[in-house]
Structures are given as C-alpha cells and as structure tokens.
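The values are calculated or read from the model by the stated rules, or taken from the named source; none is laboratory data. For clarity, every value in this text was computed on a predicted model and none was experimentally measured. FYI the Cβ positions are ideal-geometry reconstructions off the backbone, even for glycines, and counts take in every protein chain you see. Accessible surface areas use protein heavy atoms only, side chains included; no ligands, DNA or RNA. Shrake-Rupley method; radii C 1.70, N 1.55, O 1.52, S 1.80 Å.
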Amino acid sequence: MFHLELLPTVNRILVDPAFLSSVALICQTVPKVFKSEPRLVRAVGDFGALAMVVCAKGIASENGGQFTYSSVQSLIVKRRWASGRRVRAIFEWLEWEETVTRPALYADRRTRPLSVVGWLQAGVQALAVAYIEAARPWRQIDNEKSYRHATTDTESVITKLYNLLTFAGEGVPFSVETRLFSGHAAGFPLLLDLIATCMAADWPVSGVFFSRKAHAASYNVSRAHITKIFAKAEEIGILARTERDMKVSPSPSLRGNVLRDLAYQFASIVWMLKC
C-alpha cells in the first residue's frame with residue numbers, strides 16, 4: 001500500500017533535524033495563503049472542497065486544460081467526499097466568482113468544458129509551492145533546477161495527488177486529529193496556526209492563548225464556527241479549553257499525530273516529484 005511505501009521516508013524525516021524547520025515553514029505559509037485570499041476557505045478550505053478542485057485540475061491536466069462538471073461530480077459523489085448538491089453549489093459559486101470559466105456555445109451545462117483560472121488557480125499553485133518548499137531538505141535535486149521547473153513541479157504534485165485519490169483509492173493516512181480539523185472550513189490552516197503557536201511557546205503544559213475572534217476574522221468565518229471545531233476536538237479528548245483565559249491545551253496525541261501526518265505529507269511530495 002502507498003503509506004507503507006512511504007514509511008521509510010517518513011521515519012527518516014521525523015528524526016531529521018530539518019523536520020521542525022519544515023513544520024514551522026508549512027505552518028507559516030499555508031495559513032498565509034488562505035488569509036491572503038479569503039475566498040480560498042470556501043473553495044478549498046476543507047477536504048471535500050479541496051478534493052473537488054484537485055479532481056478538476058487532475059482531469060484538466062489530461063484533457064488540454066479543461067474538465068467537465070459531470071466528470072468531477074461522479075468521482076466526488078462515488079467516493080462520498082461530498083454530496084452532489086454540494087458539488088453543484090461549489091461550482092456554481094466558483095463560476096459566479098469567475099475563477100471557473102466555460103465557453104458559451106454548449107447547451108448542456110454538465111458536459112460543457114470548464115477551466116480553472118484566476119485566484120483559484122493561483123491559490124492552488126501557492127499551496128503546492130508551500131509543500132514543495134517544505135519538502136526541499138529531502139529532495140535530491142539542485143536549487144537551480146528546482147526554481148527553473150517550479151511551475152512543472154506544482155502541476156505534477158496536483159496531478160499525482162489526483163491519481164492517488166481517484167485511481168489508487170488511497171492517499172496520505174490522516175490521524176483522527178487531522179481529519180477532524182480538515183472536515184471543517186478553514187480547519188486545517190487553523191490547526192497549523194495552533195501547532196505554530198504551541199511550537200513557538202515550546203508546547204507549555206498550561207496551554208497557549210488562542211484568540212477565536214482574531215482567527216475568525218483572518219479566515220472570514222464566524223467565531224461560533226471555530227468554537228464548534230474546538231468543542232468537537234475537546235469532546236473526543238484531543239484538546240482542552242479554558243474559557244476564562246482563552247487558552248487551548250492540545251493533548252500529547254494531537255502533537256504526535258499531527259506532526260507525523262505532516263511528515264507523511266512531506267514524504268508524499270518527495271515521492272510525487274521523484275516518480
């Protein structure tokens with residue numbers, strides 16, 4: 001299985017002195033991408049939405065830069081990553097935002113070819129670049145080649161992620177902690193913000209100050225939305241909260257499992273760019 005193939009690389013990454021620097025980098029750059037373009041939270045801010053766009057980009061890479069709504073919907077619904085209703089709502093909104101475009105001379109909206117352009121194209125590429133840079137310590141290439149083929153690398157990562165998700169039927173294994181946060185809009189960058197705050201404070205037992213109001217404003221979501229994510233995490237015992245001083249205390253399992261998830265993500269990038 002894919003995750004077993006990655007395991008030797010994951011174990012090497014976890015003990016490498018460069019690992020925590022790469023974690024700090026990804027915790028800085030991924031949230032920054034979302035904060036610089038708040039519409040990305042709705043477009044790719046949870047796993048279901050991200051899977052839609054990855055599938056659209058992957059299909060387009062095999063068809064001259066174009067995909068169809070029906071081809072994406074059939075894959076997403078079959079895998080139960082999102083309902084047909086949500087797929088339709090997301091793509092209608094992306095068209096309204098003019099970041100998914102289609103020719104006018106087609107009668108059937110489901111089979112009319114579409115293309116990803118504008119801020120969504122730039123945002124997905126920026127996320128891929130963030131991971132490519134974070135995985136740099138474990139890539140056996142020279143810097144000149146890396147920068148010269150940056151665009152090719154980002155498209156390769158997106159296409160291979162699409163292949164893993166849709167054809168191989170598997171991807172990087174995620175812990176319950178990462179799955180919980182990634183299942184909500186802005187959840188994963190919010191988790192990275194929490195990891196970054198804890199790392200900067202050397203993981204204090206008493207927890208870290210984490211302003212729901214400030215983060216809600218950063219990601220253009222409600223404070224109630226963030227409270228809901230944290231309440232679910234607290235319910236299953238992966239963090240604790242104190243309302244009085246607004247502190248959050250991640251459990252040891254959250255720390256260990258999320259860091260391991262990130263090591264798997266870095267190892268996946270190394271594999272994607274090597275194949």
Checklist entry - Is the shape of region 33-90 best called rounded, prolate or oblate, per the rule: a/c under 1.5 gives rounded, else a/b larger than b/c gives prolate, else oblate, with a ≥ b ≥ c the square roots of the Cα gyration tensor eigenvalues? => result oblate
Checklist outcome for this item: Evaluated at 4 °C and 1.567 mPa s, the Stokes-Einstein D of region 1-139 based on the Kirkwood radius over Cα pairs, in µm²/s, stands at 78
Item to check | Gyration tensor (alpha-carbon) shape descriptor, the chain, a/c threshold 1.5 | outcome: oblate
Checklist outcome for this item: In whole percent, the fraction of accessible protein surface over the chain that belongs to carbon or sulfur atoms, probe radius 1.4 Å, stands at 56
Checklist entry - List the lysines whose alpha-carbon lies under 25 Å from that of K213, not counting same-chain residues fewer than 8 positions away? => result K32, K35, K228, K232, K247
Next on the checklist: Could you sort E5, E97 by their accessible area in this structure, using a 1.4 Å probe and putting the largest first?
Outcome noted: E5, E97
Item to check | Rel. contact order, % - alpha carbon contacts under 8 angstrom, at least six apart, the chain | outcome: 27
Checklist entry - Counting only the heavy atoms of the protein chains, how much of E234 is accessible to a 1.4 Å probe, in Å² to the nearest 10? => result 70
Next on the checklist: Positive end of the dipole of the chain, charges at C-beta (+1 Lys, Arg; -1 Asp, Glu), about the Cα centre: which of V270, P8, L165 has its Cα farthest in that direction?
Outcome noted: L165
Item to check | Axial C-alpha extent at least 30 Å, average Kyte-Doolittle at least -0.5 - helices from the chain (DSSP) | outcome: 252-274
Next on the checklist: Please report the accessible area of T227 (heavy atoms, 1.4 Å probe, ligands and nucleic acids excluded) in Å², nearest 10.
Outcome noted: 40
Checklist entry - Where does the chain land at 222 nm, in deg cm²/dmol rounded to the nearest 500, when only DSSP H runs of n ≥ 4 count, each adding -39500 (n - 2.57), divided by all residues? => result -20500 deg cm²/dmol
Checklist entry - How do the peptides 184-190, 44-50, 199-205 rank, highest first, by the average count of neighbouring beta carbon atoms within 10 Å per residue? => result 184-190, 44-50, 199-205
Item to check | Neighbourhood charge, 9 Å Cβ-Cβ cut-off, centred on L273 and excluding it, Lys, Arg +1 and Asp, Glu -1 | outcome: +2
Next on the checklist: Students sometimes get this wrong: rank S22, S74, S218 by accessible area, probe 1.4 Å, all chains present, largest first.
Outcome noted: S74, S218, S22
